[in-house]
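What follows is a short report on a single structure.
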Amino acid sequence: MLLKGELPMPSLTEKIKDKAKEIGFDLVGITSAEPFRKALEILKKRELSEFTTKDLKMLTSPRLHLPGARTIISLAMSYASSERFTDEEAYIALYARGRDYHHVFREKMELLMDYIKELRIDARMKAYTDTGPILEREIARRAGLGWIGKNNNLINPRFGSYLLLGEILTNLDLELDQEIEPGCGKCERCIQSCPGNALIEPYYLDPEQCISYLTQKRGILPEQERKKIGRNLWGCDTCQRVCPYNRDIPVDLHLEFTPLLKGDFKKVLGFMKHKMELKWQESALSWRGLRILKRNTLINIANSGNNEYIPLLEKELNNPSPVLRAYAVWALGELGSENSRKILRELYRSEKDQRVRKEIKEALEKLA
Ligand code: SF4
Ligand code: SF4
């Protein structure tokens, strides 16, 4: 029994949540480690992107990741920014403009797990932040951090959807949080504004149509996908930008996520392997490699309609990578001049790679 004026001792769950906030997480909630049965049924009927494991059992069964897991601590940090971007720059998704969140989360989750170990020596834990085949957003939804919007993002009524997620699976029995009621109502702004027509129905995103996915997809993309990429150098935030829940939210909460990168064509094409500027190396967009960034830049230039970039493209015709030469040829076919025709005809005589030769033929036909 408590004496007058005496406060109750915080529970283990409260202590963990307080510490998570102190470390810098904006949201923390707890859900059980029970399998995600409903999500499993939905996923069986859907196309999954190449970045998602096809092992649906693994995706939806937390205990396959940590045997004996009882609960999951779901964590979120906001990366919302007050910075506005100009139409002159190629678009880089906001999450990728600052420091790679994987590292930021890893450091903070390590601190939290050290603290939990101090409280409970018997605690077993496993942490992920977009690093394991597990349904991160679904965990956050069930832990009461927000609801899944029609744009497929987790939305929190206070922080909006510019949220990065991580989770710690544990054998500890913590107090569970309640789910939040979905708040999209009749709104369909994200669906109407999606430039890729990827939100084919509420809550269903077709990855093959999504620009964010296309900017990360490897290989020679068909022309229709190149056009769809538009001037997006990395990712796409349109379905978040138009969401009313992203108005009047707290911004600039974490220095680590301050946007540093700008989509500068000349700069990206000038990068040498292993010699990218540090802030680019430290961004989450570097994980697919420099070649894909250069590929996207060539596509962006082609879609810019600006023939001031022709000299940049002509320089890329000497790129040792046949994939990049192929894209430079295509971009010249989109923007090129009489002089570009001459250059492409000469290149055709010496080019050995069949993919590049095919692009040259097609570009020459366009420029005829
Ligand atoms: S990221 Fe862009 S392309 Fe993908 S669903 Fe959102 S608005 Fe559509
Ligand atoms: S734009 Fe509207 S429908 Fe789309 S996620 Fe936001 S609230 Fe939901």
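Laboratory data are not the source of any read-out in this text; all were calculated from the coordinates shown. Nothing here was measured: the structure is a model prediction, and the numbers come from that model. Ideal geometry is used to build each Cβ from the backbone, glycine not excepted, and the neighbour counts take in all protein chains shown.
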Point-to-point label distance, residue 200-residue 18, nm (Cα→Cβ direction, 7 Å offset): 5.0
Please find the FRET efficiency linking residue 120 to residue 255, where r is the Cβ-Cβ separation and R0 is fixed at 25 Å, and quote it to the nearest 0.05. 0.20
Order of 36, 85, 105 under a 10 Å beta carbon neighbour criterion, fewest first: 85, 36, 105
Past 30 Å, Cα to Cα, is the threshold; run 315/358; 273/358; 117/273; 54/126; 57/150; 54/150 against it and keep the listed order. 117/273
Hey, what's the Kirkwood Rh for the range 264-367 if you take every pair of different alpha carbons, in angstrom? 14.0
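At a threshold of 8 angstrom on Cα-Cα distance, excluding pairs fewer than six apart, so keeping six or more, what relative contact order does the chain reach in percent?
18 percent.
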For the chain, the longest principal axis of the Cα atoms and the Cα long axis of helix 101-119 enclose an angle in degrees, to the nearest 10, of 20
May I ask for the Rg/Rh ratio of the chain, computed from Cα atoms with Rh as the Kirkwood radius, given to two decimals? 1.05
Among chymotrypsin sites (Phe, Trp or Tyr not before Pro) in the range 163-231, those in a DSSP loop whose Cβ has at most 10 other Cβ atoms within 10 Å are none
So what J values fall out for the range 136-148 if you push phi through Karplus, 6.51 cos²θ - 1.76 cosθ + 1.60 with θ = phi - 60°, rounded to Hz, Gly and Pro as x? 4, 5, 5, 4, 4, 5, 5, 7, x, 7, x, 10, 8
Give me the number: length gained by fully extending residue 271 to residue 348, i.e. 0.36 nm times residue separation minus the C-alpha to C-alpha distance, one decimal in nm. 25.1 nm
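So what is the relative contact order of the range 12-170, in percent, for Cα pairs below 8 Å that sit 6 or more residues apart?
For the range 12-170, the relative contact order is 33 percent.
Would you kindly give the portion of the calculated P(r) for the range 76-158 that falls above 19 Å, as a percent of all Cα pairs?
56
Quick one: Kirkwood hydrodynamic radius for the range 224-304, alpha-carbon pairs, angstrom, one decimal?
Taking every pair of different Cα atoms in the range 224-304, averaging 1/r and inverting gives 14.5 Å.
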Label-point separation in nm, residue 41 to residue 248, each point 7 Å along Cα→Cβ: 3.8
Two-site FRET efficiency, residue 241 against residue 365, from Cβ-Cβ distance with R₀ of 41 Å, rounded to 0.05: 0.60
Could you list 87, 114, 100, 264 so that the one with the fewest beta carbons within 10 Å of its beta carbon is first and the one with the most is last? 87, 114, 264, 100
Do the sum for the chain: with -39,500 (n - 2.57) for every DSSP H run of n ≥ 4, divided by all residues, what is the mean residue ellipticity at 222 nm, to the nearest 500 deg cm²/dmol? -11000 deg cm²/dmol
At most 13 other Cβ atoms within 10 Å and a DSSP loop assignment: could you name the trypsin sites (Lys or Arg not before Pro) in the range 253-356 that fit? 273, 275, 352
Of 292, 261, 307, which is farthest along the charge dipole of the range 254-314 in the positive direction, counting Lys and Arg as +1 and Asp and Glu as -1 at C-beta? 292
When N counts the residues of the range 123-257, how does its alpha-carbon radius of gyration compare numerically with 2.2 N^0.38 Å, as a ratio? 1.18
Determine Rg/Rh for the range 11-159; Rg is computed over alpha-carbon atoms and Rh is the Kirkwood hydrodynamic estimate from the same atoms. 0.98
Could you give the length gained by full extension between residue 86 and residue 130, i.e. 0.36 nm per residue of separation minus their alpha carbon distance, to one decimal place? 12.9 nm
